[in-house]
Amino acid sequence: MKIALGQINPTVGDFSGNAKKITDFARRAHASGAHMVIFPELAVCGYPPRDLLENPSFVGRSQHVTQQIAAAVPEIAIVTGFVSPAAVETGKSVSNSAAVLYQGEIRFVQSKMLLPTYDVFDELRYFAPASKQELFPFGEKQLAVTICEDAWNDKHFWPRRLYSVDPVEELLHAGANMVLNIAASPFHLGKRELRRKMLATIARDNKVPVVMVNQVGGNDSLVFDGSSVVIGPDGRTVAQASSFEEDLVFFDTETLHSDVHVQIEGEEASAYAALVLGTRDYVRKCGFERVMIGLSGGIDSALTAAIAVDALGPANVLGVAMPSQYSSDHSIKDARELACKLGIRMETVPISAIFDAYRQALAPVFAGMPEDATEENIQSRTRGAILMAFSNKFGGLVLTTGNKSELAVGYCTLYGDMVGGLAVISDVPKTLVYRLSRYVNSRREVIPQSTLEKPPSAELRPGQKDSDTLPPYDVLDNILEDFVEEYHTAEQIAEERGYDLKLVLDVVHRIERSEYKRQQAAPGLKITHKAFGMGRRLPIAQKSEI
């Protein structure tokens, strides 16, 4: 039996567009001799649909469109994810389901049993879990049709399981000789390797092939890498789809003859590809065509601009330089050189006169008081207002340029440099910003060398450097990783890293104190295990004693 893996990029709520992708891929698969084609979790409606699931018409549309797909391509069996009515009334009216479509009908439906509620997932809010599982016979195969998390509870792989049941194990005991897993498994660094090892354990321990078809594309903060695979009974990868792009691959269930497409490897290359894909899909799926970026001559705006150009093309990226009296000549030069090498249009709007007007207007009220962060923030907010003026006038989305290290400790200005519709690198620590920038230049040198070499500075006062306020970024990022991602205490971090406890406590205090800023920030693209935003839900008003 020849099976195709239909790795597609659906848009949440775009039933007609998603159905067209599914039918087009299914027809291509049939034309190439495939007997079955498999699509990702909730491919009909897109993942994650979130509170759209509370709208009865959304659920009804999912069922109707699934039936239309079955009628449109009756010649080939199609496995696809969709939303179905819950089989058992549990207070939840819908289920996350897989349908097998064949000969014009919905022949089989299996709902998801394990509903994750950790990190970015909140599926118990919406779905009723499956109360039972059944095998689907097709040809000479007994297929175990599972959905994403259903395959993530293997007792032979995880030292501590999250659920009391293992749907894959139960289906294998019932006689399954092939496991199909349709997934919408979001990307983060290291996730593909973990996923592959876990699936290989299932295949090797049970001597059955495991097929995983993963969604690709960006939906809001989440980026899905695709990287669909077929793992043979011996644990080897026998088929694989590309990463970060739509793909159609084939394999033969008997000979295991298959397509193995090249995937992007390496941390920097993978992170960069995820950011490009996430930016492209966020902008396009939100109905925009072009973006605006404030170009300071610094490393963060340079990396953001490079990502935007690779995502949207240079004609759709506008750089705006907004120098003040504190801006250095080399920063203005670096911004201009970057724009030239990227091939983007750059406009310059000096803010010195606007800043002086602010100070004059506030002088009577602030009389006798020294200048401080107030005046620095006025500059940042002036730039934010100018960028939004460009957005309104020219109809583009503003991309913010702050990194994860700055956002963690509040080294950013509300309604200033935080203004925008997408925070492209808000999950990229500063040390990774430098690594990604060097990766960009290894492909094509566009980021000026002086931008890579000069000390980071916001240039909001004479001679200002980030190091005046923050510890070295390599130290800060280590503390950030330990505290935010690993939940280590300040005392643990100080002891394990050999850092001064007072320094660690100061950083931790800044992280906790800045939660109110982060919850007003633009959505960012998640590429690490624990990102600020939808996967980290902390109260703003709190007094932590841990």
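Read-outs: derived from the displayed coordinates by stated rules, not from any lab. On a predicted model such as this, the values are computed, not experimentally measured, just so you know. When we count neighbours, we look across all protein chains shown, and the Cβ atoms used for this are built from the backbone with ideal geometry, even at glycine.
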Checklist line | Pairwise label distance in nanometres, Ala367 with Glu193, each label 7 Å out on the Cα-Cβ vector | finding: 6.5
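Could you give the length gained by full extension between Leu162 and Gln492, i.e. 0.36 nm per residue of separation minus their alpha carbon distance, to one decimal place?
In short, 116.2 nm is gained.
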Margin query: Give me the one-decimal Kirkwood hydrodynamic radius in Å for segment 262-399, with the sum taken over alpha-carbon pairs.
Written below: 16.5
Notebook entry, point to check: Taking Cα centroids, how far is segment 419-461 from segment 1-38 in Å?
Noted result: 38
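Ranked highest first by the average count of other Cβ atoms within 10 Å around their residues, in what order do 463-473, 286-296 fall?
Values: 463-473: 14.8, 286-296: 20.8.
Going from most to least packed, we get 286-296, 463-473.
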Note to self: How many angstrom lie between the Cα centre of segment 469-488 and the Cα centre of segment 366-393?
What the structure shows: 29
Notebook entry, point to check: With no solvent and one point on each alpha carbon, what is the Debye value of log10 I(q)/I(0) for segment 471-511 at q = 0.13, 0.23, 0.28 Å⁻¹?
Noted result: -0.19, -0.62, -0.96
Check: Which Cα, out of Ile351, Ala373, Met388, lies furthest along the positive dipole direction of segment 333-394 (beta carbon charges, K/R +1, D/E -1)?
Finding: Met388
Note to self: Counting C-alpha atoms alone, how compact is segment 2-265: give Rg to one decimal and Dmax as a whole number, in angstrom.
What the structure shows: 16.6, 46
Notebook entry, point to check: From the square roots a ≥ b ≥ c of the eigenvalues of the alpha-carbon gyration tensor of segment 129-182, which class results: rounded (a/c under 1.5), prolate (a/b over b/c), or oblate?
Noted result: prolate
Notebook entry, point to check: Name the residues of segment 101-117 whose amide N is less than 18 Å from a point 7 angstrom out from the Cα of Ala72 along the C-beta direction?
Noted result: 101-107
Check: Please state the equivalent ellipsoid semi-axes for segment 428-477: what are the square roots of 5 times the Cα gyration tensor eigenvalues, largest first, in whole Å?
Finding: 22, 15, 7
Check: Tell me which lysines have Cα within less than 25 Å of Lys20's Cα, excluding those fewer than 8 residues away on the same chain?
Finding: Lys2, Lys112, Lys285
Checklist line | Spin-label model distance (nm) - Gln520 vs Cys286, 7 Å beyond Cα toward Cβ | finding: 1.8
Next item on the list: Can you figure out the FRET efficiency of Arg107 with Cys340, using R₀ = 56 Å and their beta-carbon distance, to the nearest 0.05?
Entry: 0.45
Check: Mind checking the angle between helix 352-366 and the chain's longest principal axis? C-alpha axes, 0 to 90 degrees, to the nearest 10.
Finding: 70
Next item on the list: Figure the gain on full extension for Leu501 and Glu267 (residue separation times 0.36 nm, minus the Cα-Cα span) and round it to one decimal in nm.
Entry: 81.2 nm
Check: By count of other Cβ within 10 Å, fewest leading, how are Lys112, Lys20 ordered?
Finding: Lys20, Lys112
Checklist line | FRET efficiency for His64 and Glu347, using Cβ-Cβ distance with R0 set to 45 Å, rounded to 0.05 | finding: 0.40
Check: By how many degrees, 0 to 90 and rounded to 10, does the Cα axis of helix 501-513 deviate from the longest principal axis of the chain?
Finding: 70
Item checked: Separation of alpha-carbon centers, segment 503-544 and segment 104-123, rounded to whole Å -> 30
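Report the gain in length on full extension from Asp205 to Glu54: 0.36 nm times residue separation, minus Cα-Cα distance, nm rounded to one decimal. Each step should come with its number before you reach the end.
Details: separation 151, 0.36 × 151 = 54.36 nm, distance 4.01 nm.
In short, 50.3 nm is gained.
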Margin query: As an exercise, find the ratio Rg/Rh for the chain from alpha-carbon atoms, using the Kirkwood inverse-distance average for Rh.
Written below: 1.02
Margin query: Please compute the modelled spin-label separation between Glu140 and Glu512, points set 7 Å along Cα→Cβ, answer in nm with one decimal.
Written below: 6.4
